[in-house]
1. When the residues of the range 373-382 are narrowed to those that are crowded, with 19+ Cβ neighbours inside 10 Å and under 18 Å from the mean Cα position of the chain (by Cα), which ends up nearest to residue 271 (Cα to Cα)?
2. Say whether the condition of being crowded, with 21+ Cβ neighbours inside 10 Å, under 19 Å from the mean Cα position of the chain (by Cα), modelled with pLDDT of 90 or more and over 23 Å from residue 262 (Cα atoms) is met by at least one residue in the range 342-353.
3. Determine if the range 129-142 includes at least one residue that is more than 28 Å from residue 284 (Cα to Cα), in contact with a helix residue (DSSP H, G or I) (Cβ under 9 Å, 6 or more places away or on another chain) and in contact (Cβ under 8 Å) with a residue 24 or more places away in the chain.
4. Please go through the range 376-394 and pick out each residue that is over 19 Å from residue 274 (Cβ atoms) and touching a helix residue (DSSP H, G or I) at 6+ places or on another chain (Cβ under 7 Å).
5. Would the range 298-307 turn up any residue that is without any contact (Cβ under 8 Å) to a residue 12 or more places away in the chain and more than 18 Å from the chain's Cα centre (by Cα)?
6. Out of 269, 292, which single residue is at pLDDT 85 or above, in contact with a helix residue (DSSP H, G or I) (Cβ under 9 Å, 6 or more places away or on another chain) and surrounded by 14 or more Cβ atoms within 10 Å (Cβ to Cβ)?
7. Go through the residues of the range 228-248 one by one and say whether even a single one is touching a residue at least 24 places away in the same chain (Cβ under 8 Å), crowded, with 20+ Cβ neighbours inside 10 Å, under 30 Å from residue 383 (Cβ atoms) and not assigned by TED's automatic domain parsing to the domain that holds residue 145.
8. Here is a check on your reading of the model: is residue 335 closer than 25 Å to residue 166 by Cβ and within 21 Å of the chain's Cα centre (by Cα)?
């Protein structure tokens, strides 16, 4: 029988430590849990410490909707917190000590408040997953499920490592999409400002000249002058209409059916639809692989992984597939039946199921779609930028030619 040193948290919140004889490390953990102690470190008496956490007990289950104080931390801040916590746990620090170190080191007041609350809950006898549930606006159900799976399997640092990689990849995608759209958005904004100035300040100067000449203006010139007068006289109405339209869309967006219909319409757009599909499928594949790697059952993992998908149409399809899996169907067949998952993804998932390495194949699928996402992103930007430039050029050319043609008519009449 081997000797193991341990540290644990008693039900009254006090720490205990000592040496226990057992056949293996799991035996020590089981005995501590049987005595209602929360294991925070179990290691061979002459070896390095390994941090563990107890799984949630029924009498400890917390389902609170308490909100953290202050603003919600950014995705990047949560990803950094996850990576820091994983690193400290892997180094052998107990969970509460790791949270204390993060609280003292972070410059983000919101993160400090959250980590401080998590540490207090841990010292009150809660598991980390239970403490995280008290901050649903920061830690999603997927995040909590991953941590809970890591606690149950005694590999919390491994679960956090999976989470950190998932969050870092999600942040990379978000940054890539934002960076790709910055130039087109700046171009559109600059164009709108230029057109407003052109229609409200420049064109009216020519209108005075045309009135004094008393000539029949070309049709194109009349159109430009009419648009200019409309912008000057009723532009504020357009601004009010846009504001009301935006408020109506926001209110309509709260309707799940309307939002799902809009999300489904986005998936049918050329290029954009393929890009959105690959982003969502990559996110789903990575989250599902992480959950399966940490011992979560497939039906439950599907429910949590569906929650990481932002497109309502794809999320609804995955939820339907999860219901079919519960009834005994294979995952690949269930996803193929819903009709929104690309055939390549279906084939790779089928191979993973047949080989027994579904989690590994899901990671390969995510990597493949990550590469395709970059390709589609470049293709989309390549289409957007010249299209905007051509559209802007055509409009400006139309205005200039319309004004010049009227000036030539006046000059011809004068001669």
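The values are calculated or read from the model by the stated rules, or taken from the named source; none is laboratory data. Please read all numbers here as calculations on a predicted model, not as lab measurements. With ideal geometry, Cβ positions are generated from the backbone for all residues, glycine too; neighbour counts draw on all protein chains shown.
1. Only one residue tops the list, namely 377.
2. Taking every residue of the range 342-353 in turn, none turns out to be crowded, with 21+ Cβ neighbours inside 10 Å, under 19 Å from the mean Cα position of the chain (by Cα), modelled with pLDDT of 90 or more and over 23 Å from residue 262 (Cα atoms).
3. Filtering the range 129-142 for residues more than 28 Å from residue 284 (Cα to Cα) gives none.
Within the range 129-142 (the criterion being more than 28 Å from residue 284 (Cα to Cα), in contact with a helix residue (DSSP H, G or I) (Cβ under 9 Å, 6 or more places away or on another chain) and in contact (Cβ under 8 Å) with a residue 24 or more places away in the chain), the answer is no, since none of the residues qualifies.
4. Taking the range 376-394 as the starting set, the residues that turn out to be over 19 Å from residue 274 (Cβ atoms) are 386, 388-394.
Passing the criteria: 388, 392.
5. Taking the range 298-307 as the starting set, the residues that turn out to be without any contact (Cβ under 8 Å) to a residue 12 or more places away in the chain are none.
No, the range 298-307 contains no residue that is without any contact (Cβ under 8 Å) to a residue 12 or more places away in the chain and more than 18 Å from the chain's Cα centre (by Cα).
6. Working: 269 fails: surrounded by 14 or more Cβ atoms within 10 Å (Cβ to Cβ).
Unique residue meeting the criteria: 292.
7. Scanning the range 228-248 turns up no residue that is touching a residue at least 24 places away in the same chain (Cβ under 8 Å), crowded, with 20+ Cβ neighbours inside 10 Å, under 30 Å from residue 383 (Cβ atoms) and not assigned by TED's automatic domain parsing to the domain that holds residue 145.
8. Working: closer than 25 Å to residue 166 by Cβ: yes; within 21 Å of the chain's Cα centre (by Cα): no.
The answer is no for residue 335.
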